[in-house]
Amino acid sequence: MANRLQKLYPSDEVFQKFSYKDQKKLSNLVVGNLICIALFIATTIFIIAIGLPLSALLMFLTIVAFSLSEILIKKGKVNLGSWFATIGYIFSCVVTCFFIPTALSIHIGYRVFGFMMVMATLNSMIS
């Protein structure tokens, strides 16, 4: 698994120029972004399936923010990449809390799932 993640890291000469703090947070940032991209893709598909196109579009924009973060990290811009990841986290919380209907139905579980996913990832990145 670690060998596959190396493909998402910047080149070695760029990596050596990073501060110690940036080198240590890089693995958490890359893994957190990959987990969020995968889970938000699944959530977006689910939201499309239950017929909420606006919420699905907003979730897609969250996926774009995390993908852009991965691209920036690969290019060696870790601070800018972490800013886009933060924007993705904030946007995902806003979408989950305000743009997905709260009517009681069988599909209400995805709101809790989405919020827990974001909070768990934030917790791992902070610690």
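The values are calculated or read from the model by the stated rules, or taken from the named source; none is laboratory data. If you're wondering where the values come from, they're calculated on a predicted model, not measured in any experiment. Using ideal geometry, Cβ is built from the backbone for each residue, glycine included, and neighbour counts are taken over all protein chains shown. The area values use the complete protein model at the heavy-atom level, side chains included, leaving out ligands, DNA and RNA. Shrake-Rupley method; radii C 1.70, N 1.55, O 1.52, S 1.80 Å.
Within the stretch 3-48, take every residue that is among the hydroxyl-bearing types (S, T, Y) and in a helix (DSSP H, G or I) and give me the one that is most open to solvent (accessible area, probe 1.4 Å). Before the answer, list the steps.
Filtering the stretch 3-48 down to residues among the hydroxyl-bearing types (S, T, Y) leaves 9, 11, 19-20, 27, 43-44.
Narrowing the set further to residues that are in a helix (DSSP H, G or I) leaves 20, 27, 43-44.
Working: Y20: 163, S27: 46, T43: 9, T44: 13 Å².
Among those residues, the one meeting the criterion is Y20.
Mind counting the residues in the stretch 49-77 that are open to solvent by less than 10 Å² (accessible area, probe 1.4 Å) and of a type in the set (K, R)?
First, pick out the residues of the stretch 49-77 that are open to solvent by less than 10 Å² (accessible area, probe 1.4 Å): 55-56, 59, 62, 66, 69, 73.
Of the ones still in play, those that are also of a type in the set (K, R) are none.
Looking only at that region, the number is 0.
Is it true that some residue in the stretch 10-30 is touching a Lys or Arg at 6+ places or on another chain (Cβ under 8 Å) and farther than 20 Å from F115 by Cα?
First pass over the stretch 10-30, keeping only residues touching a Lys or Arg at 6+ places or on another chain (Cβ under 8 Å): 10.
Remaining after also requiring farther than 20 Å from F115 by Cα: 10.
Within the stretch 10-30 (the criterion being touching a Lys or Arg at 6+ places or on another chain (Cβ under 8 Å) and farther than 20 Å from F115 by Cα), the answer is yes, since at least one residue qualifies.
Take the conditions hydrophobic (A, V, I, L, M, F, W, C), at pLDDT below 85 and more than 23 Å from V14 (Cβ to Cβ) and apply them to I126. Does it pass?
On the way: hydrophobic (A, V, I, L, M, F, W, C): yes; at pLDDT below 85: yes; more than 23 Å from V14 (Cβ to Cβ): yes.
Yes.
Which residue pairs have Cβ atoms closer than 8 Å, lie 6 or more positions apart in sequence or on different chains, and pair a first residue in the stretch 41-56 that is farther than 15 Å from F91 by Cβ with a second residue that is part of a loop (DSSP other than H, G, I, E, B)?
F46/H107; I50/H107; L52/I100; L52/P101
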